[in-house]
Amino acid sequence: MVRSKTVHFHGWPAWLIASAAAGLIAGGCGGGSGAPNNPPGGNPPASASVLLASKPALGSYLVSAQGQTLYYFGLDFPGTAAHQAVSNCTSAGGCLGVWPIFHVDTATLGTGLSASDFGELSRPDGAKQTTYKGWPLYFYAGDSAAGDTNGDNFEAWYVLRDPSYSLVAMTKNFNGTPLYLADPQGRAVYAFADDTVGTAGTSPVSACAGACLSTWPLFLAQGTVTPTGIDATKLTTFTRPDGQMQSAFAGHPLYYYAGDTLPGDTKGQGFMGVWDTVNPTAQ
């Protein structure tokens, strides 16, 4: 479930803002003129590698050369071939003090990682930020030792897992509520109220066929890897009457909306009163 705190400052918990002060001095992130890329545990070498670490509850996930966990933010928009990534974590409100950016000019990658999955974001403050599969990468100031994953499933922050997520959790708000599901490229998926919801013993039945699918293309996930707090067993696949495979979450068939053109778009939300984004914590 999404964790919440009762006291916030500009959308961030007061205790985290206080703890970030130490991070800014010992290994945090700077302000609008550029941000050092130091993890909470110290300064990375000039050519820091990106590696895979592993925990039983998480499987494999990305870390820096010093073992500091790397995260994505569900309020960000991943980069695509046509659009640059967008970071919505800035120095305003203290976000970068809690979530320092990660950047290396040339990363030497560990076993199992592909250079084609990594890129670079030029931030509005002039700093550079490394991306993974389009998502800007961050450290968490609350991780004090290599291997810590204290930021995972905090509000809308998650580790980067390998194999990568079949669906990601995104949000429109800094506190991570409500969440909505999207594909790994940040394109929202939707449920149709006229569908028949599947159960443990019966497959879903889609009421969207023919011309409907031109506006609401079906979604088919690759694998069943989901962020922490989102039940991966709820992500299933069924066969439609036309023979196509389609994914469902908690028994609800999943679709794209043709009117969504950018990562983070949710233009289909509430369409005709029968289409909506999928909140994974409310199913």
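Looking at the range 97-107, which of the residues that are closer than 23 Å to Val168 by Cβ and outside any loop (DSSP other than H, G, I, E, B) is nearest to the chain's Cα centre (by Cα)? Taking the candidates together, the pick is Ile101.
Within the option set Phe174, Phe154, Phe192, being farther than 28 Å from Lys267 by Cβ, buried (at least 16 other Cβ atoms within 10 Å of the Cβ) and either in contact with a helix residue (DSSP H, G or I) (Cβ under 8 Å, 6 or more places away or on another chain) or modelled with pLDDT of 95 or more (or both) holds for one residue only, Phe154. With respect to the conditions (1) in a loop (DSSP other than H, G, I, E, B); (2) crowded, with 21+ Cβ neighbours inside 10 Å; (3) modelled with pLDDT of 90 or more, Pro40 lacks only one, and its number is (3). With respect to Asp242, is the statement that it is closer than 21 Å to Pro78 by Cβ and out of contact with any Pro (no Cβ under 9 Å at 6 or more places or on another chain) true? It is false that Asp242 is closer than 21 Å to Pro78 by Cβ and out of contact with any Pro (no Cβ under 9 Å at 6 or more places or on another chain).
Hey, among Ser122, Ser144, Ser116, Ser166, which residue is touching a residue at least 60 places away in the same chain (Cβ under 8 Å), small (Gly, Ala, Ser) and farther than 20 Å from Thr228 by Cα? Please lay out each step first, then the result.
Details: Ser122 fails: touching a residue at least 60 places away in the same chain (Cβ under 8 Å); Ser116 fails: touching a residue at least 60 places away in the same chain (Cβ under 8 Å); Ser166 fails: farther than 20 Å from Thr228 by Cα.
Testing whether each residue is touching a residue at least 60 places away in the same chain (Cβ under 8 Å), small (Gly, Ala, Ser) and farther than 20 Å from Thr228 by Cα leaves just Ser144.
Checking the stated criteria, Ala211 turns out not to satisfy the condition of being touching a residue at least 40 places away in the same chain (Cβ under 8 Å) and either of a type outside the set (S, T, N, Q) or at positive phi (or both).
With the condition being in the same structural domain as Asp276 (by TED's automatic domain parsing) and within 17 Å of the chain's Cα centre (by Cα), I'd like the strands (runs of 3 or more DSSP E) fully within the range 108-184 carrying at least 2 qualifying residues. Step through it out loud before you land on a result.
Numbers: elements: 118-122, 128-132, 157-159, 168-171, 179-182.
Filter on the range 108-184 gives 168-171, 179-182.
The values are calculated or read from the model by the stated rules, or taken from the named source; none is laboratory data. Bear in mind that the values here come from a model prediction, so they are computed numbers and not experimental data. Using ideal geometry, Cβ is built from the backbone for each residue, glycine included, and neighbour counts are taken over all protein chains shown.
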